[in-house]
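Notes follow the structure.
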Amino acid sequence: MRSKSAIALSPPGRIAQGYPKTMPEIHAIVLTQNEEIHIARCLESLRGVCASITVVDSGSTDRTLDIAKGFGAEILSNPWVNYATQMNFGIDRLAGRGGWLLRIDADEYLCEGTGRGLLQALDSLPDNIDGVCLRLRRIFMDRWLKHGGLYPLWLLRVWRNGHGRCESKWMDEYIAVTAGVRHLPLDFADHNLKPLSWWSNKHVSYAGREAIDILLMERTGAPENEGRVGRSGWKRFVKTRIYNRLPGGVRSFLYLIYRYVLRLGFLDGREGYYFHVLQGFWYRTLVDAIVADIRKDLAAGTSLSDAIFRHTGQRIPKT
């Protein structure tokens, strides 16, 4: 029988101050690269909630690591490949600690009351529950977007140590656990404070990675995942079995209509309009354009690995 409240010594530092020793132990994993604008806000939200913080850094050159050390975080360094490899690197390093793991990005934070509610809920979960989904609040241009199918968005962010692993995908990777999943009405926020130009450049990179997943799926079929994936199975089915099979260039427009009109995204005002056009239409169209460009190289005889590297800068095994 798995222990619900393992007791262990916490590392020194401010983050462990006030941690309730009789409650379930949570160990957070935070991926970073130049996040000095966000990291203190993220770690402050974990005070009194997490027994330890592990930062997996991929080459920060700003004050990110100094700030994290001030909170008592353990710092690990690993060269960047993608989110999945970084997260699994952290999971492997924490394999012997027991308790629960929490995945949280540097530009995210637990909302008020979520930490305490999470500790109380974990203490009473049955042994056949290995994962916990929380509700994401997406804040864009300082506005919480509540419509367009964006809230509540349930994501598996907490799981029993040793019973969950990140999918080996280039984009939209989720934690897959071996047993049941419980949804808790507790929120965490995604609120990036960097300028919109940074957001746009990041999504150019995201588009390349999503294009890789689409092309690899075409070669090997839909990805198989061991265990339960930390996202609605219906949403995953719609994306891989329906959306990805619609004509490129058309599906992004249909997706915009679905989110902005049918799911009432327009109710989120100007910020909602910008988000749905940029993330729901422009970004999805960019993915389709990159896929189409790579397919031209494939038709000309270029290998998939060489074509992907040419258009995305990412290395995959020779295909």
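Every read-out reported here was derived from the displayed coordinates using simple, explicitly stated rules and does not represent laboratory data. Note that this is a predicted model, so its numbers are computed, not measured. Quick reminder, even Gly has a Cβ in these numbers, built from the backbone with ideal geometry, and neighbours come from all protein chains shown.
Dipole magnitude for the chain: computed about the Cα centre from +1 point charges on Lys and Arg Cβ and -1 point charges on Asp and Glu Cβ, it is near 680 debye.
Dividing the summed helix terms, -39500 (n - 2.57) for each DSSP H run of n ≥ 4, by the number of residues in the chain produces a 222 nm estimate of -10000 deg cm²/dmol to the nearest 500. Springs join every pair of Cα atoms under 10 Å in this Gaussian network model of the chain, and among Thr302, Thr64, Thr178 the largest mean-square fluctuation is at Thr302. Loop-located GluC sites (Glu not before Pro) in the range 27-119 (DSSP state other than H, G, I, E, B) with a sparse environment of at most 12 neighbouring Cβ atoms within 10 Å: Glu112. Could you work out which residue, out of Asn201, Asn34, Asn82, moves most in a Gaussian network model of the chain, that is, has the largest mean-square fluctuation with Cα springs under 10 Å? Maximum fluctuation in the GNM of the chain, among the listed residues, is at Asn201. If you work out semi-axes √(5λ) of the Cα gyration tensor in Å from the coordinates, which of (i) 33, 22, 20; (ii) 32, 27, 17; (iii) 36, 25, 20 do you get? Read-out from the structure maps to (i). Counting other Cβ atoms within 10 Å as a rough exposure proxy, the listed residues Ile214, Ile316, Ile26 run Ile316, Ile214, Ile26 from fewest neighbours to most. Compare Leu145, Leu122, Leu246 in a GNM of the chain, Cα atoms joined below 10 Å, and give the one with the largest fluctuation. Taking springs between Cα atoms under 10 Å, the residue moving most is Leu246.
If you take every residue apart from Cys42 with its C-beta less than 9 Å away from the C-beta of Cys42, what net charge results, scoring Lys and Arg +1 and Asp and Glu -1? It works out to a net charge of -4.
Computed FRET efficiency, Cβ-Cβ of Glu44 and Asp293, R0 45 Å: what is it to the nearest 0.05?
Details: r = 43 Å, r/R0 = 0.96.
Step by step, r from the Cβ atoms, then E = 0.55.
Give the residue list of trypsin sites (Lys or Arg not before Pro) in the range 103-153 that are DSSP loop and have at most 16 other beta-carbon atoms within 10 angstrom. Present the calculation step by step, with values, prior to reporting the outcome.
Working: sites: Arg103, Arg116, Arg135, Arg137, Arg138, Arg143, Lys146; in loops: Lys146.
Sparse-neighbourhood loop trypsin sites (Lys or Arg not before Pro): Lys146.
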